[in-house]
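Heads up, the thing below is written out as structure tokens.
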Amino acid sequence: MTTALDSTGASATSASTADREIVLTRVFDAPRELVFRVFTSPGHMPHWWGPRGFRITTHEIDVRPGGVWRFTMHGPDGTDYPNWMAFREVVEPERLVYDHGGDGEEPHFHVTVTFEEEDGKTRLTMRSLFPSAEARAAVERFGAVELGYQTLDRLGEHLAQLGDETFVVTRTFDAPRDLVFRTWTERDHLLRWWGPRGFTMLSCSNDPRPGGTMHYGMRGPDGGEMWGKWVYREVMAPDRLVFVVSFSDPEGSTVRAPFSQEWPLEVLTLLTFDEHDGRTTVTLHSAPVNATDAERQMFLGMHGSMQDGWGGTLDKLAEHLAGAGAA
């Protein structure tokens with residue numbers, strides 16, 4: 001049995017719903033229009049929705065009143081969870097209302113998401129209304145509150161990639177997604193292509209799991225050595241990688257960039273892998289984290305040089321994939 005909602009998400013049959021609600025709130029350092037767009041755009045939603053360690057396969061998505069998003073969430077242990085959202089209201093940039101279900105056609109709960117502007121930031125409030133207090137208690141025992149906040153954490157990390165400073169590069173490769181993902185996560189592949197034109201890999205250790213590290217050394221055209229590392233936040237094969245990039249010393253400790261003390265110590269990088277007709281589009285978003293104003297300005301000013309560097313790096317990847325596909 002379900003309970004109807006009015007336009008604000010309040011129950012139409014009861015004045016008090018506190019015992020049937022789970023309310024999550026988070027303030028994001030991003031304008032309301034951007035947060036709403038990322039929360040409702042088919043191009044963004046599958047890349048951040050769900051707790052850490054989960055990935056999504058979308059079967060259909062149509063974010064409008066009367067539209068449906070049907071998807072499968074794949075858990076870290078390999079368990080598949082069918083899900084659907086039936087959208088009832090999409091009021092840009094203020095409110096989103098939908099029913100959320102799993103197996104079967106009856107919704108498990110109703111959700112109202114509101115977006116409020118606060119001094120250039122956005123307060124997002126997500127109210128999930130269950131048919132009974134017992135149903136609410138059951139999902140709380142399952143860890144729904146913690147898992148919900150993990151989802152909002154991932155939304156925040158995704159938003160961090162979309163600010164004015166964000167560097168974006170996209171390349172489509174004539175190779176299947178599984179293979180392209182492996183070239184980014186397997187040491188033997190990385191040794192053969194990673195790095196700008198003219199650089200050769202000296203060593204590489206890689207532990208592609210949340211909290212794991214990729215540590216590498218390269219030799220430049222002038223014979224000098226450069227060391228760096230990735231610290232993985234998300235590894236969701238074959239859809240998505242999130243990691244923090246830093247310069248390092250040969251032992252793996254974070255150091256300042258050799259070319260400038262004002263380069264950010266940490267750069268958060270999001271990679272998404274989308275396959276269509278056997279070809280794979282890789283989109284990379286990078287943005288500084290925990291950076292000073294001077295570091296952010298330098299990162300922004302280096303976008304042209306980064307395009308050149310990444311262009312050569314991705315050319316090398318394309319050449320490697322051509323050989324790997326033929327092997």
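The values are calculated or read from the model by the stated rules, or taken from the named source; none is laboratory data. Keep in mind that what you see is a predicted model, and the values were worked out from it rather than measured. FYI the Cβ positions are ideal-geometry reconstructions off the backbone, even for glycines, and counts take in every protein chain you see. Surface accessibility is based on the protein's heavy atoms, side chains included, excluding ligands, DNA and RNA. Shrake-Rupley method; radii C 1.70, N 1.55, O 1.52, S 1.80 Å.
Determine, yes or no, whether residue 146 is surrounded by fewer than 17 Cβ atoms within 10 Å (Cβ to Cβ) and under 19 Å from residue 75 (Cα atoms).
So residue 146 fits the description; yes.
Could you tell me whether residue 106 is touching a strand residue (DSSP E or B) at 6+ places or on another chain (Cβ under 8 Å) and loosely packed, with under 13 Cβ neighbours inside 10 Å? Before you say what the answer is, go through the steps one by one.
Numbers: touching a strand residue (DSSP E or B) at 6+ places or on another chain (Cβ under 8 Å): no; loosely packed, with under 13 Cβ neighbours inside 10 Å: yes.
For residue 106, the condition - touching a strand residue (DSSP E or B) at 6+ places or on another chain (Cβ under 8 Å) and loosely packed, with under 13 Cβ neighbours inside 10 Å - is not met.
Scanning region 17-59 for residues that are acidic (Asp, Glu) and at pLDDT 90 or above, which turns out nearest to residue 91 (Cα to Cα)?
21
Would you confirm whether or not region 144-154 contains a residue that is modelled with pLDDT of 95 or more and in contact with a Phe, Trp or Tyr (Cβ under 8 Å, 6 or more places away or on another chain)?
The answer is yes; a qualifying residue exists.
This table checks each residue for (1) at pLDDT 90 or above; (2) under 18 Å from residue 187 (Cα atoms); (3) open to solvent by 10 Å² or more (accessible area, probe 1.4 Å); (4) not in a strand (DSSP E or B).
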| residue | (1), (2), (3), (4) |
| --- | --- |
| 208 | yes, yes, yes, yes |
| 211 | yes, yes, yes, yes |
| 218 | yes, yes, no, no |
| 222 | yes, no, yes, yes |
| 227 | yes, yes, yes, no |
| 234 | no, yes, no, no |
| 245 | yes, yes, yes, no |
| 258 | yes, no, yes, yes |
| 268 | no, no, no, no |
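Is there any pair with a first residue in region 217-236 that is in contact (Cβ under 8 Å) with a residue 60 or more places away in the chain and a second that is charged (D, E, K, R) and part of a strand (DSSP E or B) whose Cβ atoms are under 7 Å apart and which are 6 or more apart or on different chains, and what are they?
Partner pairs satisfying both residue conditions: 234/240; 236/55.
Do you know which of the residues in region 214-254 that are among the polar types (S, T, N, Q) and out of contact with any Gly (no Cβ under 8 Å at 6 or more places or on another chain) is farthest from residue 157 (Cα to Cα)?
Among those residues, the one meeting the criterion is 253.
Could you please find all residues in region 14-53 being in contact with a Ser or Thr (Cβ under 9 Å, 6 or more places away or on another chain), assigned to a loop (DSSP other than H, G, I, E, B) and more than 18 Å from residue 110 (Cα to Cα)?
Answer for region 14-53, where residues must be in contact with a Ser or Thr (Cβ under 9 Å, 6 or more places away or on another chain), assigned to a loop (DSSP other than H, G, I, E, B) and more than 18 Å from residue 110 (Cα to Cα): 29, 30, 31, 42, 51, 52.
For region 281-327, which residues satisfy the criterion of being closer than 27 Å to residue 58 by Cβ, of a type in the set (A, V, I, L, M) and outside any helix (DSSP H, G or I)?
Listed by number, the residues that qualify are 282, 284, 287.
For region 113-131, indicate whether the set of residues that are at pLDDT below 95, farther than 24 Å from residue 30 by Cβ and either open to solvent by less than 40 Å² (accessible area, probe 1.4 Å) or among the hydroxyl-bearing types (Ser, Thr, Tyr) (or both) is non-empty.
No, region 113-131 has no match at all.
Yes or no, residue by residue, for (1) outside any strand (DSSP E or B); (2) within 15 Å of the chain's Cα centre (by Cα); (3) more than 29 Å from residue 227 (Cβ to Cβ):
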| site | (1), (2), (3) |
| --- | --- |
| 150 | yes, yes, yes |
| 153 | yes, yes, yes |
| 158 | yes, yes, no |
| 171 | no, no, no |
| 179 | yes, no, no |
| 184 | yes, no, no |
| 189 | yes, no, no |
| 195 | yes, no, no |
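Within region 270-280, can you find the residues that are open to solvent by less than 40 Å² (accessible area, probe 1.4 Å), in a strand (DSSP E or B) and not aromatic (Phe, Trp, Tyr)?
Within region 270-280, 270, 271, 272, 280 meet the criteria.
All but one of (1) among the aromatic types (Phe, Trp, Tyr); (2) more than 20 Å from the chain's Cα centre (by Cα); (3) open to solvent by 80 Å² or more (accessible area, probe 1.4 Å) hold for residue 81, so report the exception by its number.
(2)
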